[in-house]
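Just so it is clear, none of the values below were taken in a lab; they were calculated from the coordinates. Predicted model only: the values in this text are computed from it and were never measured. Reconstructed Cβ throughout: ideal geometry from the backbone, glycine too, with neighbour counts over all protein chains shown.
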Amino acid sequence: MRSTLVSKILTLTVALSLPTDMLWAQASAGGAAGGLLTFMPLVVFVGIFYMLIWRPQQKTNKERQRMLAAVKRGDKVLTAGGLYATVQGVRADILDVRIGDNAKAELNRNFVTKVIAAAVEERVTAAMTADKK
């Protein structure tokens, strides 16, 4: 089994190396075009890297910035420390939040992980009241 796996890998390697050998032959014969073909794998790699990593990360960052900009008084938020809080006031980058019945704090806007939807909010409230009983 191991020898068949090795032979398949070698066959695949040889099959993949043939087109690059033909490109190198054309590049050495082409002169100026050879320089472009030399950098083609790098250009393709950067393009794939952009499509798979940079672009989705940019979309995620934009979505997060929109969420943070939309935080308003009365919203329930989840902090980076894992605390559920209610926003009592909004100032530039600082949120005045209520963590418990008598606990208030100031929270930097960047430490908000997510704004909790109404359905989740109801479940959290129900769980908190059940814990108090």
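How high is the FRET efficiency between Val90 and Val46 when r is their beta carbon distance and R₀ equals 35 Å, given to the nearest 0.05?
Numbers: r = 41 Å, r/R0 = 1.16.
Step by step, r from the Cβ atoms, then E = 0.30.
Would you calculate the convex hull of the Cα atoms in region 47-128 and tell me its volume per residue in Å³?
Numbers: hull volume 8.9 nm³, N = 82.
Taking only Cα atoms, region 47-128 has a hull volume of 108 Å³ per residue.
State, to one decimal in nm, how far the label point of Thr125 lies from the label point of Asn108, with both points 7 Å from Cα in the Cβ direction.
3.1 nm
Can you list the residues, at least 5 places off or on another chain, whose amide H is less than 5 Å from the amide H of Asp75, using H built in the peptide plane?
Val87
What whole-number distance in Å separates the alpha-carbon centres of region 61-94 and region 101-116?
Each part reduced to its Cα centre gives a spacing of 6 Å.
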